[in-house]
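The next block holds one structure in the form of structure tokens; read it before the comments.
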Amino acid sequence: MKNFLTILAILFIASTTFGQVFNTGQTLKPKKFSLGIEPGVMVNGDSEFIMFLHGGYGIKQGIDFSAKVGVLGPLDYFGADVEFALPHRMSFAVGAHQFGDFGLDGSLNITFPIRSDIRFSTGLDSDINFNDDKTRVLLWLPLGLEIGIKKNMSFIFEAEIGLTDPTYHFIGGGLNFYL
């Protein structure tokens, strides 16, 4: 079963291209994978459902790569990022996405351990979206809670509060598996 999940993770990462959701201030350990599924709602006047599938890989100590695809929503989402660990449970991530418009992504995240199996994360998430008529800089305040269910499984609840126009708000939650 573990080999099947590892192969699935590799295929998933290879077949997608950012990570605006499931943000934390921590990076994956070297040669470790993560897989996640997260139903969510984007709120921007109307509420739009979207299902995110996440994958990640620890490249080396303090650096990981993650990819995600969003389906069943108003538009398909494809994105990827590279995250770098900083001191004091913080991280910085840079990436790109396609979600109607092409965009570049950046985020600064910090994690506060509440208990060994419960962590709160926040920071600042930004996109620079390019479209035909205007370049837009969008900002969000991410708020997340990761609750360890088992040694290699967590439930992650998060909200992204839009800070600039025309951002949307996002509320989601799902399971993340660490392999």
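The numbered conditions (1) surrounded by fewer than 15 Cβ atoms within 10 Å (Cβ to Cβ); (2) farther than 15 Å from Met42 by Cα; (3) under 16 Å from the mean Cα position of the chain (by Cα) are all true for Tyr178 except (1).
The condition of being among the hydrophobic types (A, V, I, L, M, F, W, C) and within 17 Å of the chain's Cα centre (by Cα) does not hold for Ile118. Only one of the numbered conditions (1) more than 25 Å from Lys31 (Cα to Cα); (2) among the hydrophobic types (A, V, I, L, M, F, W, C); (3) touching a Phe, Trp or Tyr at 6+ places or on another chain (Cβ under 6 Å) is not met by Met153, and that is (1).
In region 121-151, which residue that is loosely packed, with under 14 Cβ neighbours inside 10 Å and of a type in the set (S, T, N, Q) is modelled with the highest pLDDT? Filtering first and then ranking leaves Thr135. Residue check: Gly103 meets all listed conditions (1) more than 16 Å from Ala159 (Cα to Cα); (2) more than 14 Å from the chain's Cα centre (by Cα); (3) modelled with pLDDT under 95 but one, namely (3).
Sub-9 Å Cβ pairs linking a first residue in region 113-140 that is under 22 Å from Gly100 (Cβ atoms) to a second residue that is among the acidic types (Asp, Glu) and part of a loop (DSSP other than H, G, I, E, B), at least 6 apart or interchain, are Arg136/Asp165; Leu138/Asp165, ordered by first then second residue. Checked against (1) buried (at least 16 other Cβ atoms within 10 Å of the Cβ); (2) on the phi > 0 side of the Ramachandran plot, Leu72 passes all but a single condition, namely (1). Among the listed residues Phe84, Phe65, Phe52, which satisfies the condition of being among the hydrophobic types (A, V, I, L, M, F, W, C) and surrounded by fewer than 16 Cβ atoms within 10 Å (Cβ to Cβ)? Sole residue among the options that is among the hydrophobic types (A, V, I, L, M, F, W, C) and surrounded by fewer than 16 Cβ atoms within 10 Å (Cβ to Cβ): Phe84.
The values are calculated or read from the model by the stated rules, or taken from the named source; none is laboratory data. Here the structure is a predicted model, which means the values were calculated and not measured. FYI the Cβ positions are ideal-geometry reconstructions off the backbone, even for glycines, and counts take in every protein chain you see.
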